[in-house]
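Remarks on the structure that follows.
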Amino acid sequence: MYKAIKDNKIIAISDIDNEFLFLVKDEVIEDTEHTVADYKLCNTEYALNEDEKAVEQMKKEVRAVRNSYLEEYVDPKQLVLVWESLTEEKKANYTNYRQYLLDYPESSEDWYKSNPMTYDEWIEEQ
Amino acid sequence: MSTTTNVEQLKLNVMTKQQYDIATKSPTELYMVTDATMTAAEVGAIPQVSSLPAATSALAGCIYQYVGTTTATYINGYFYKCVNNSGTYSWIRINVQPDHSNVSNCIIDIPQDIALELSSGTLTLRAGSKVYVPNGSGVFDEVVIASDLSVTPTWLNNKLGVVYYRRANNNITVTSIDYCFSGSTAPTYADGGCWYDTTNNKIKRGISGSWVDTDESSLPIAIVKDSSNVVTSIDQVFNGFGYIGSVIFALPGVRGLIPDGINPDGTLNSQIITVPDVWVSSNTGASCDGMWLSTTDFNRVAISTYRYIEEKNYWISIADGNIRPIIYIGHTTGDISTFSPRYIFQAVDYSDTAFIAHQAMPSSRYNTLTLGASGSNYTAPADGWFVLLKGAGTSGAYCNLVNTTAHIGVTSDGMATGAKYIYIPASRGDVIQIAYSFSGTTESFIFVYANGAV
């Protein structure tokens, strides 16, 4: 793979592009030990997946997905009129799914390596 | 001019031009030359002829434009002057059209020697096309194709293809541009590949595990585009200029006007340059982004090396301020992926607004780019647009494209699903910054050239 370097930061990576056309950069270097999949985009630079910077970025992204699921699946059901129209079973499901999402970042050591389940996926597992 | 009045007797001398040339003339007598032929300047236009008359003393100095069929001696469209060479008269081709005083710093002629056509995936090089086979140090054999040659490539696998002629087989073939190289040392072997060995001036092909020159391949003649193993378009025909790997070349007959100052009457002065042989430049490196034609060579040098002084009509070297007899031919890059030689000079009709407006619109030509991390900068290689199609990943994510040179920008807010097209215009040399929190898939990131920049 190839890495474009600017100000000592990895600003672009590619398995095939060794030129990084038109990108403002200091140099392009080849990395024979890794592939693109081993790197994570951390805002303004790339870092190896095991780097603290990359781990924090992954946590941030998974939390964002978690938050979007709360907004998409749970929050609309909490409106009083909607909530009252649900069966007791569904009320219990949404309550439990909400707790599952809230607890997700503490659910395991590697929680940030995959997104939480959607509501439908979670229901299937129950 | 002098005027004499009150002449008592007016003497009129009637004679042939030959007699006139050797006669002792009197300023007070008139002369009538019975067999004089007007020069082009005298009649105000260059006569066109489909066959040149025998060169004689009577035609000395006359200029004709030859409009007959190109022969081994005369080329259609070129200008010929009758000259006296130690008492023997002959027609010589002149390298200048009658008046270039209002034009300079441009290409004025690119021979259209290659006639390549595409039909239903089949490429045909027409008979009469002219190609050049590198054949040892400094030698390029000119080959005129005797009969139509066709090939139907089914092996390019969505890659650009380089077309060239193989003299030993008398056919044409196409090799993926990824397997075309140049340089003084052999590249890693590529089966079916094509390497321009600059040390030995040979095009070598990868056959049975080694690089060999048995095919006697020509310099590339065109670049074609492939889609699912069918050639769909001819992107560029190498009439006049071409490239292979990181080597560029100019072909015989390319003519240009090298800026050479301003005449006392304010008109532009130029040196006419006609490329006499195949001129090759193997300069490489990221900084060699300009192509330059001089009186002695065709070379790759950084665009920033020279500056054109318009009010004085010449190029100078920025390093030492000295005048350089050169013409800027166009833009290129390290291992060439963009190659844009200028067209021959044509005046723009200001009333043709449709044509002018069309130049500022997007063309179908583009380069595929790699998107860098947020905040990375990109330099526009020409007038055009940076176009990004990327997924946001989450709602509320953003993507900003800012032209930091022109101080304009565009912002897109993302939706959780789907990708968004975002684009920003850029003039050549403008720096674009792309900052984003979009985390979805980058579907494509390209630079699209304006019609006028193709």
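The values are calculated or read from the model by the stated rules, or taken from the named source; none is laboratory data. Fair warning: this is a prediction, and the values are worked out from it, not measured in the lab. Ideal geometry is used to build each Cβ from the backbone, glycine not excepted, and the neighbour counts take in all protein chains shown.
Structure summary
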{"item": "Residue match in the range A:1-19 (condition: farther than 30 Å from B:TYR449 by Cα and free of Cβ contacts under 8 Å to residues at least 60 places away in the same chain)", "result": "yes"}
{"item": "Top-ranked residue in the range A:1-24 [being among the charged types (D, E, K, R) and within 8 Å of chain B (Cβ to nearest Cβ); ranked as surrounded by the most Cβ atoms within 10 Å (Cβ to Cβ)]", "result": "A:LYS6"}
{"item": "Selection from the range B:419-446 of residues that are under 36 Å from the mean Cα position of the chain (by Cα), of a type in the set (Ser, Thr, Tyr) and within 11 Å of another protein chain (Cβ to nearest Cβ)", "result": "B:THR442"}
{"item": "Of residues in the range B:233-254 being under 15 Å from B:GLY330 (Cα atoms) and outside any loop (DSSP other than H, G, I, E, B), the one farthest from the chain's Cα centre (by Cα)", "result": "B:VAL247"}
{"item": "Unmet requirement for B:ALA186, which otherwise passes all of (1) in contact (Cβ under 8 Å) with a residue 24 or more places away in the chain; (2) in a loop (DSSP other than H, G, I, E, B); (3) crowded, with 17+ Cβ neighbours inside 10 Å", "result": "(3)"}
{"item": "Residue that is nearest to the chain's Cα centre (by Cα) [pool: residues in the range B:353-370 that are of a type outside the set (A, V, I, L, M, F, W, C) and at the interface with another protein chain (Cβ under 7 Å from one of its Cβ atoms)]", "result": "B:ASN367"}
{"item": "The range B:152-178, residues that are surrounded by fewer than 20 Cβ atoms within 10 Å (Cβ to Cβ) and of a type outside the set (A, V, I, L, M)", "result": "B:THR152, B:THR154, B:TRP155, B:ASN157, B:ASN158, B:LYS159, B:ARG166, B:ARG167, B:ASN169, B:ASN170, B:ASN171, B:ASP178"}
{"item": "One residue from B:THR394, B:THR404, B:THR441 being of a type in the set (Ser, Thr, Tyr), in contact with a strand residue (DSSP E or B) (Cβ under 9 Å, 6 or more places away or on another chain) and modelled with pLDDT under 95", "result": "B:THR441"}
{"item": "Given (1) in contact with a helix residue (DSSP H, G or I) (Cβ under 7 Å, 6 or more places away or on another chain); (2) of a type outside the set (Ser, Thr, Tyr); (3) surrounded by fewer than 18 Cβ atoms within 10 Å (Cβ to Cβ); (4) in a loop (DSSP other than H, G, I, E, B), number of the condition B:GLY429 does not satisfy", "result": "(1)"}
{"item": "Checklist (1) within 27 Å of A:VAL36 (Cβ to Cβ); (2) of a type outside the set (Ser, Thr, Tyr); (3) more than 10 Å from chain A (Cβ to nearest Cβ); (4) outside any strand (DSSP E or B) applied to B:GLY393, failing item", "result": "(3)"}
{"item": "Which listed residue, of B:GLY245, B:GLY290, is outside the structural domain of B:LYS204 (by TED's automatic domain parsing) and at positive phi", "result": "B:GLY245"}
{"item": "Residue under evaluation B:MET15, criteria (1) exposed (fewer than 11 other Cβ atoms within 10 Å of the Cβ); (2) at pLDDT 80 or above, criterion not met", "result": "(1)"}
{"item": "Condition check for B:SER217: more than 24 Å from B:ARG324 (Cα to Cα) and free of Cβ contacts under 8 Å to residues at least 40 places away in the same chain", "result": "no"}
{"item": "Test: residue in the range A:28-46 that is facing another protein chain (nearest Cβ under 8 Å) and in contact (Cβ under 8 Å) with a residue 40 or more places away in the chain", "result": "yes"}
{"item": "B:GLY440, sole failed condition from (1) out of contact with any Lys or Arg (no Cβ under 7 Å at 6 or more places or on another chain); (2) in a loop (DSSP other than H, G, I, E, B)", "result": "(1)"}
{"item": "Checking B:THR379 against (1) out of contact with any Ser or Thr (no Cβ under 8 Å at 6 or more places or on another chain); (2) closer than 21 Å to A:ALA4 by Cα; (3) in contact (Cβ under 8 Å) with a residue 60 or more places away in the chain, the condition it does not meet", "result": "(3)"}
{"item": "Some residue of the range B:342-352 being of a type in the set (D, E, K, R), buried (at least 16 other Cβ atoms within 10 Å of the Cβ) and more than 14 Å from chain A (Cβ to nearest Cβ)", "result": "yes"}
{"item": "Unique residue being at the interface with another protein chain (Cβ under 10 Å from one of its Cβ atoms) and closer than 18 Å to B:PHE339 by Cα when the list is B:ALA453, B:ALA373, B:ALA380, B:ALA416", "result": "B:ALA380"}
{"item": "Any hit, the range A:83-97, residues being more than 9 Å from chain B (Cβ to nearest Cβ), surrounded by fewer than 18 Cβ atoms within 10 Å (Cβ to Cβ), in contact with a Leu (Cβ under 6 Å, 6 or more places away or on another chain) and not charged (D, E, K, R)", "result": "no"}
{"item": "Residue list for the range B:169-193, restricted to those being within 21 Å of B:VAL139 (Cβ to Cβ) and modelled with pLDDT of 95 or more", "result": "B:ASN170"}
{"item": "Condition broken by B:GLY209, with the remaining ones in (1) of a type in the set (Gly, Ala, Ser); (2) in contact with a Cys (Cβ under 9 Å, 6 or more places away or on another chain); (3) on the phi > 0 side of the Ramachandran plot satisfied", "result": "(2)"}
